[in-house]
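The values are calculated or read from the model by the stated rules, or taken from the named source; none is laboratory data. What you see is a predicted model; the values in this text were computed from it and never measured. Every residue, glycine among them, receives a Cβ derived from its backbone with ideal geometry; neighbour counts consider all protein chains shown.
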Amino acid sequence: MLKVDEIQNGVVIDHITAGTGMALYHLMELEKLPDASVALLQNVRSQKSGKKDIIKIEGDISKINFDVLGYLDPQISITCIENGHIAKKIRPDLPKRLVNVIKCKNPRCITAIEEGCDHIFELTPSGRYRCVYCEEEFRVKP
Amino acid sequence: MRHLIDPLDFTMEESLRLMDLADRIRQDPTAYQDVAARKKLATLFYEPSTRTRLSFEAAMLNLGGKVLGFPDAGVSSASKGETVADTIRVISCYADIAAMRHPKEGAPLRASRYSRIPVINAGDGGHSHPTQTLLDMLTIRRRKGRLDNLTIGFCGDLKFGRTVHSLIKSLARCEGMKFILISPEELRVPDYIIHEFLEPKNIPFMEVRSLEDALPDLDILYMTRVQKERFFNEEDYVRLKNSYILTEAKLGLAREDMAVLHPLPRVNEITLDVDNDPRAAYFEQVQNGVYIRMALIMTLLGLKDPLTGEVAFEC
């Protein structure tokens, strides 16, 4: 089995739905982290779900937006490591605003035809995301 | 600078001030005939809507202003693929204010984010039509003398009927309102209207199927047309288009002082014999639409009321 060293200072994002790790990598803009080492493990064997993806980040994690994970995959666990020990677990909140994370599927929406138009969704008080342009709901998958 | 994109962009207080101004215009139109002299309104209509476009143009002309624009997308740069964002940036160089009608929902909001002039949403797909909402409220207030403690019935297509959604959202801000939502199951009001605008404020509402049962309780009956252009499936349209038809005979079940509103155009959902009934208020709505659009244009342009020396509210 592929082995990746344990990290000393950073974060482990575990229990990612298999096959979605790369999408998370891009949505969290991990490619823009200047000084962190990032490992993406795909299709790791899992007793709980059969297989899963894992992302390990060694280095400064202060600029990472973990909230986007709350929307994408509520099953994800986020564990911060300091000096080789678990420092804390993060439970991501649903972000109030999603820009180009999900696409509006309403064919009547201006985003369907307007070039360069961001797909912007805002969280409603009832926990649903609604397109700011057409108010079409996008239900978060359980 | 402010725009009117969503029916809730103005507070209830601001909406009432607009209605007050509209009432003053109605009483003395000549006092306002030069208020917008040397100002230009651009009517950007990406889909034909002769009624709404002419109402905006009449409003601007009544104020002494000028109008320019296009009546459908085929004669605009949209047919060449120009974005809404680019179009409004160009129009901002030509006019002082713009009214936009667009088949795509959210297009006026998109335009407002790139505009250097106030943008008025003149209807975006099945989404919003805020000036219709203002004229509806003006008509209700003129007929009933108040905008509170009323039982309002909405009948017909409550799913795709944007005027219904906008009016419910707006009137949900008034005290003592009660809504009776009359529609077939397939055309019932979207859940979010109920969950986010009615239930949180404990506003009483009922969803019913029978117009006849609801009629005796209503202060206002807001009829709607089942619009063919909102359906993807012709079979569904044909099946539902004749769900509710208001006749003079059915009006016998209603109160003498009830008012019948309709955003127009109607097809067959209100029979012609209702037109002569004093409860028919739908042509008054058309006239009120010109007055409220005059008030809106004045206010968004920051033009003072010549009778009071003040703007309705700061924009």
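Only one entry in B:I194, B:I220, B:I270 is under 28 Å from B:L134 (Cβ atoms), within 14 Å of another protein chain (Cβ to nearest Cβ) and β-branched (V, I, T), namely B:I194. Please find, within the range B:168-189, the residue that is surrounded by the fewest Cβ atoms within 10 Å (Cβ to Cβ) out of those that are outside any loop (DSSP other than H, G, I, E, B) and acidic (D, E). For the range B:168-189, the residue satisfying everything is B:E185.
For A:V44, the requirement of being touching a helix residue (DSSP H, G or I) at 6+ places or on another chain (Cβ under 7 Å) and without any contact (Cβ under 8 Å) to a residue 60 or more places away in the chain is not met. I'd like to check something: does the range B:6-24 contain any residue that is more than 17 Å from B:P130 (Cβ to Cβ) and in contact with a Gly (Cβ under 7 Å, 6 or more places away or on another chain)? Looking for residues that are more than 17 Å from B:P130 (Cβ to Cβ) and in contact with a Gly (Cβ under 7 Å, 6 or more places away or on another chain), one finds none in the range B:6-24, hence no. Kindly evaluate B:I194 against the criterion of being in contact (Cβ under 8 Å) with a residue 12 or more places away in the chain and either touching a Phe, Trp or Tyr at 6+ places or on another chain (Cβ under 7 Å) or surrounded by 17 or more Cβ atoms within 10 Å (Cβ to Cβ) (or both). Considered against the rule, which asks whether it is in contact (Cβ under 8 Å) with a residue 12 or more places away in the chain and either touching a Phe, Trp or Tyr at 6+ places or on another chain (Cβ under 7 Å) or surrounded by 17 or more Cβ atoms within 10 Å (Cβ to Cβ) (or both), B:I194 comes out as no. Select from the range A:97-120 the residues that are closer than 16 Å to A:L27 by Cβ and more than 12 Å from chain B (Cβ to nearest Cβ) and list them in ascending order. Once the filter is applied, which keeps residues that are closer than 16 Å to A:L27 by Cβ and more than 12 Å from chain B (Cβ to nearest Cβ), the range A:97-120 yields A:R97, A:L98, A:V99, A:N100, A:V101, A:I102, A:K103. Scan (1) modelled with pLDDT of 95 or more; (2) in a loop (DSSP other than H, G, I, E, B); (3) within 28 Å of B:P265 (Cβ to Cβ) for the single condition B:A22 breaks and write down its number. Of (1) modelled with pLDDT of 95 or more; (2) in a loop (DSSP other than H, G, I, E, B); (3) within 28 Å of B:P265 (Cβ to Cβ), only one is false for B:A22: (2). Counting only residues that are within 14 Å of chain A (Cβ to nearest Cβ) and not basic (K, R), the range B:79-130 holds 30 of them. Considering only residues that are among the hydroxyl-bearing types (S, T, Y) and touching a residue at least 40 places away in the same chain (Cβ under 8 Å), which ones fall in the range A:76-129? A:S77, A:T79, A:Y129 - these are the residues of the range A:76-129 that are among the hydroxyl-bearing types (S, T, Y) and touching a residue at least 40 places away in the same chain (Cβ under 8 Å). Taking first residues from the range B:292-314 that are surrounded by 18 or more Cβ atoms within 10 Å (Cβ to Cβ) and partners that are among the polar types (S, T, N, Q), the Cβ contacts under 7 Å between residues at least 6 apart in sequence or on separate chains come to B:I292/B:T131; B:R293/B:S55; B:R293/B:T131; B:M294/B:N62; B:L296/B:T131; B:A312/B:T299. For the range B:243-257, filtered to residues that are acidic (D, E) and in contact (Cβ under 8 Å) with a residue 24 or more places away in the chain, the residue that is surrounded by the fewest Cβ atoms within 10 Å (Cβ to Cβ) is B:D257. If we keep just the residues of the range A:121-142 that are in contact with a Cys (Cβ under 7 Å, 6 or more places away or on another chain) and not aromatic (F, W, Y), which is nearest to the other protein chains (Cβ to nearest Cβ)? Ranking the qualifying residues of the range A:121-142, first place goes to A:C134.
When the range B:108-167 is filtered for residues that are in a helix (DSSP H, G or I), at pLDDT below 95 and among the charged types (D, E, K, R), only B:R162 remains.
Does B:T151 meet the test of being more than 14 Å from chain A (Cβ to nearest Cβ), crowded, with 24+ Cβ neighbours inside 10 Å, under 30 Å from B:S210 (Cα atoms) and in contact (Cβ under 8 Å) with a residue 24 or more places away in the chain? No: the conditions fail for B:T151.
Residues that are modelled with pLDDT under 80, away from chain B (no Cβ under 14 Å), surrounded by 18 or more Cβ atoms within 10 Å (Cβ to Cβ) and not in a loop (DSSP other than H, G, I, E, B) occur at least once in the range A:70-85.
Against the conditions (1) in contact with a Ser or Thr (Cβ under 8 Å, 6 or more places away or on another chain); (2) in a loop (DSSP other than H, G, I, E, B); (3) modelled with pLDDT of 95 or more; (4) not hydroxyl-bearing (S, T, Y), B:V290 satisfies every one except (2). Sort out which residues of the range B:46-57 are at pLDDT below 95 and not hydroxyl-bearing (S, T, Y), and write them in order of number. Across the range B:46-57, the qualifying residues are B:E47, B:P48, B:R51.
Residue-by-condition table, conditions (1) modelled with pLDDT under 85; (2) under 11 Å from the mean Cα position of the chain (by Cα):
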site: A:H15; (1), (2): no, no
site: A:G21; (1), (2): no, yes
site: A:P34; (1), (2): yes, no
site: A:L40; (1), (2): no, no
site: A:N43; (1), (2): no, no
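Out of the residues in the range B:26-46 that are more than 29 Å from B:D72 (Cβ to Cβ) and touching a residue at least 60 places away in the same chain (Cβ under 8 Å), state the one that is farthest from the chain's Cα centre (by Cα). Checked the range B:26-46; the qualifying residue farthest from the chain's Cα centre (by Cα) is B:A31. Within the range B:222-255, take every residue that is touching a Lys or Arg at 6+ places or on another chain (Cβ under 8 Å) and not in a helix (DSSP H, G or I) and give me the one that is farthest from B:S128 (Cα to Cα). The qualifying residue farthest from B:S128 (Cα to Cα) is B:A254. For the range B:68-107, filtering for residues that are assigned to a loop (DSSP other than H, G, I, E, B), within 21 Å of B:L54 (Cβ to Cβ) and among the hydrophobic types (A, V, I, L, M, F, W, C) leaves 1. Here B:Y192 meets each of (1) within 19 Å of B:G125 (Cβ to Cβ); (2) of a type outside the set (D, E, K, R); (3) assigned to a loop (DSSP other than H, G, I, E, B); (4) touching a strand residue (DSSP E or B) at 6+ places or on another chain (Cβ under 8 Å) with one exception, condition (3).
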